[in-house]
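A short write-up of the structure that comes next.
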Amino acid sequence: MSNARKPARTLWRSARLATFAEESGWGLIDNGALVADGDRIVWLGREADLPATTLPRLEIDLGGALVTPGLIDPHTHLVYGGDRAAEFELRLTGATYEQIARAGGGIRSTVRATRAASDEALFQLAAQRARVLMAEGVTTIEIKSGYGLDQVHEARCLAVARRLGAELPWSVRTTSLGAHALPDEFAGRPDDYIDEVCSWLATQQQSRLVDAVDVFCDTIGFTPDQTRRVFDRARALGLPVKLHAEQLSNQEGARLAAEYGALSCDHLEYLSDEGIAAMRAAGTVAVLLPGAYYFIRETRLPPIQALREAGVPIAIATDHNPGSSPALSLPLMLNMACTLFRLTPEEAWRGVTVNAARALGLADRGRLLAGMRADLAIWNAEHPREIAYRFGHAPCVGSVFGGASRPAPLASQ
Ligand code: NIG
Ligand code: FE
């Protein structure tokens, strides 16, 4: 929080730490302790080795609880009006996600509801969702625009995302996703709409509304050529890019995004071998979205084994949005990444910590190490694999953001 006072030097003791400090393994420390000064971790290790000079102002006995890095959700569409429960019902009588989108529903119906909502309503709706995510340990989130689809409403949604970062105890990274769908006003003129999207980016950047740029590259989204135009503009402005790539078909979007050194390519069910090779060469993170895979009943799995063998870092996100993934639990995504995508619990955990940080270009979080941000999730569990194993209930008993304990339970506020 921007106005928060510097947190007092604090010692958390009687903890089991899962640090993810090395390239592999959980980095478990039993009978551990952690010291934060301000928003940074200054020491961690076995409690027996705690330096006598630590002198904390505040001491918190965790009674053996498990401490992990605060969770990072690297792909969400948290700011929008309305819901798509009726569309969910339609899908249960036979319509597909793609058919609904082509018939003017889908993303465009959320655009209508979002444009009709006030700034305050958008903020309050998103803040409620935020509290649910935070109650299960999320301390950093990426939030995309993409339900405004004109200059004013896109800027409004990005400003709401920024306000969520300023007023709630978590970090928000914003992504401009004007190229999410073709708004009704531009029907039949997608290239003209892409010109518009490109023209907004400089102003969004000057107003400090945007940290990265994304495009939905697919048959119901935009073509690779249109994606390239947005990415060229982003590159000219020095903004990093990400891509909704190969979700419903293979457009070789991942290869294109890798050319631009993309931070991440997301979804990836239809990713090709060439795409994997390009992502690996560019150091692009694969962000997998088991919630969307599940909810639109996709049957094609992302090429997990090939990604693993290539050494492409894998992250996991909720993809929270009203159409393809109305999920608000990152621990549930850990379970689904394991059951649906066959990730190991450790891979899934790295996906919401260290690799999620990388997907956002953040080097100061995602692991427990001296010098990193003191963003922590505290669990009533003996081992992090338990949190991937359970579903429908996550035993999160507390969290710390920038060295300060967050009130719990946040969801009931
Ligand atoms: O990540 N694929 C495009 N965008 C979202 C869905 C948005 C929506 O249906 O409202 C996604 O799945
Ligand atoms: Fe998405």
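The values are calculated or read from the model by the stated rules, or taken from the named source; none is laboratory data. Treat the numbers as computed from the prediction; the structure is a model and nothing was measured. Cβ: placed from backbone, ideal geometry, glycine included. Neighbour counts: every protein chain shown.
For this structure, a couple of remarks:
- The number of residues in region 143-159 that are more than 16 Å from ligand 2 (Cβ to nearest atom) and assigned to a helix (DSSP H, G or I) comes to 6.
- All strands (runs of 3 or more DSSP E) inside region 17-82 with 3 or more residues being more than 24 Å from residue 358 (Cα to Cα) and in the same structural domain as residue 375 (by TED's automatic domain parsing): 28-37, 58-61
- From the options 159, 187, residue that is aliphatic (A, V, I, L, M) and within 23 Å of residue 124 (Cβ to Cβ): 159
- Leading residue by the ranking (surrounded by the most Cβ atoms within 10 Å (Cβ to Cβ)) among those in region 160-190 that are touching a helix residue (DSSP H, G or I) at 6+ places or on another chain (Cβ under 7 Å) and in a helix (DSSP H, G or I): 160
- Note on region 388-413: residues that are out of contact with any Asp or Glu (no Cβ under 9 Å at 6 or more places or on another chain), modelled with pLDDT of 95 or more and either among the acidic types (Asp, Glu) or not in a loop (DSSP other than H, G, I, E, B) (or both) amount to 4.
- Restricting 67, 79 to those that are within 16 Å of ligand 2 (Cβ to nearest atom) and either in contact with a His (Cβ under 9 Å, 6 or more places away or on another chain) or among the aliphatic types (A, V, I, L, M) (or both) reduces the list to 79.
- Residue match in region 375-394 (condition: without any contact (Cβ under 8 Å) to a residue 24 or more places away in the chain and closer than 22 Å to residue 131 by Cβ): yes
- Being assigned to a helix (DSSP H, G or I) and within 18 Å of residue 149 (Cα to Cα) is not true of residue 132.
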